Every structure is written in C-alpha cells, then in structure tokens.
Amino acid sequence: MGLSRFQGGNVSMRMPSGEILVTPSGMIYEDMVAADVLVMTIDGRIIEGERAASVDTEALLYIFKKMPPINAVIHTHQPFATAVGLVTDELPCIVTTLPNATKGPVKVCPFSSAASVEMGIQTVENAGDSLAVILKCHGVMALGSTLKEALYSCIYLEEAAKTYVYAHSMSDKVACLSPEQVDQAVGIFKYYGQGKAAIPQDLTKKV
Ligand SMILES: [Zn+2]
C-alpha cells in the first residue's frame, strides 16, 4: 500500500491478556514470519521471541500505558501525510472518509527523534480523540482499539493527505467540512457496511 517500504515503521498490539506484540527491528516485512514478532510485558520484559524489538518499542509501550482504549499502533513513513506535516500543524477534515477513520482532524506533533520515548509522549499529547497523529519530519502513528481500526486510520489518512496535497497545488483555499458535517459523517459511517440497520433519514439532512 506504500505506507512503509522494506523495513520501515512497525506494528504493535495489546493482547486481551495484556501482553504486547511488537514487530522486530530492521526486518523486511515480506521476510517476516510469526516467530519474528516479540511478545513482551507492558514494561518491556520479553516473554517470547529471539529478535531485537523495534527501536521504537519504548515509545509504543508508553502509548499503550497511557491510552488504555488503544490496542493497536501502526507506525508508518507514509509520504503524503508526512508531506502535509512539513507545511502545517493539522490536517483538517477535508473529506468525509478522514473523520470516519481517524475520528477527527489529525494533528502534527513537534519533531522528536526516532527510537525516543518522546515519539510516544508526543503521540499521547496530540492525539486527543483522534486515531492518528503525524510525526513532523518522520511519519505517522495510527491508533485503534483493533488492528483493523488502526489500519483504516493510516490508509484513509494517507488518502486524505494526498487529496489535500493535490487541492493545495491548485489553490491556497481548500474547502473543509464544518464540525457539524464531521459529526454527520461519523454518525452515518456507523451504518456503513453489511448487516447494519438502514441510515435514519434525519441523519442525512443538510447541515
Ligand atoms: Zn519511523
């Protein structure tokens, strides 16, 4: 999907038992097998796995400690969202798919070094209710209560960032959704997909 190439970024998850799964450092994703993923306590004590854990593990564990509803973190170097982070402090809700996936605008964190706990501190401080932040001059932290939710967040963030970059290349005036339109989009999205109830008509009225 172009979110992270070769060995860039990492994926981590909190298991229902409370243990944390973290991808290994510097391994190409296509070469990785299940046994390469480390199992550790939230304090970083390795329970299973022979590999060196991601260099960002301290930051990831900080996020899991400080954000109990978050059970999955995907860290990427996705280019369009990262580009937006070089020129602004926030990616506004310019398309409905962004708040559907990230739950709101996406803030840009001040720069922090890779492999530092500061990456985690900045993520917690800037995420608010959103399921993603952009790390200035680095990449993205996408969050979710599930791995699927975190993946949706980074994919739709990248799509929205690409749209934003294209729109900005044509004009400095880029349209944004109002807070009411954002709430409406998030409300409608709850009915999206198979096996869901019909969308209540008053939810789609003009706001
Ligand atoms: Zn990184």
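Bear in mind that the values in this text are calculations on the coordinates, not laboratory data. No experiment lies behind these values; they were computed from the predicted model shown. Cβ placement follows ideal geometry from the backbone for every residue including glycine, while neighbour counts extend to all protein chains displayed.
May I ask you to derive the FRET efficiency for Lys162 and Asp89 from their Cβ-Cβ distance with R0 = 25 Å, giving the value to the nearest 0.05?
Details: r = 19 Å, r/R0 = 0.76.
Using R0 = 25 Å, I get an efficiency of 0.85.
Within the chain, which is the longest segment containing none of the trypsin sites (Lys or Arg not before Pro) that sit in a DSSP loop and have at most 11 other Cβ atoms within 10 Å? Segment 46-172 is the longest. In region 94-140, the C-alpha radius of gyration followed by the widest Cα-Cα span (Dmax) gives 11.0, 33 angstrom. Take 20-28, 164-172 and order them by the average number of nearby Cβ atoms within 10 Å per residue, most first; the result is 20-28, 164-172.
Expressed to the nearest 5 percent, the antiparallel share of DSSP beta bridges inside the chain is 90 percent.
When N counts the residues of region 1-117, how does its alpha-carbon radius of gyration compare numerically with 2.2 N^0.38 Å, as a ratio?
Numbers: Rg = 15.3 Å, N = 117, 2.2 N^0.38 = 13.4 Å.
With N residues counted in region 1-117, Rg over 2.2 N^0.38 Å equals 1.14.
Counting only Cα atoms, region 34-99 measures 43, 25, 20 Å along its principal axes, largest extent leading. When restricted to Cα atoms, region 13-53 yields an Rg and a Dmax of 10.0, 29 Å, respectively.
Remark on region 100-207: hydrodynamic radius 15.6 angstrom, per the Kirkwood mean of 1/r across alpha carbon pairs. A Stokes-Einstein calculation at 37 °C with viscosity 0.692 mPa s, built on the Kirkwood radius of the chain over Cα pairs, returns a diffusion coefficient of 185 µm²/s. Seen against the Cα atoms of the chain and their longest principal axis, helix 179-189 is set at about 70 degrees. Computed extension length for Val174-Met15: 53.2 nm, one decimal, from 0.36 nm per residue of separation with the Cα-Cα distance subtracted. State the Cα centre-to-centre distance between region 1-47 and region 155-207 in whole Å. A separation of 32 Å, based on Cα centres. Against the chain, whose longest principal axis comes from its Cα atoms, helix 118-127 is set at around 30 degrees. Considering only Ala197, Ala132, Ala114, the mean-square fluctuation computed in a Gaussian network model of the chain, springs between alpha carbons under 10 angstrom, is largest for Ala197. The alpha carbon convex hull volume per residue for region 51-156 rounds to 92 Å³.
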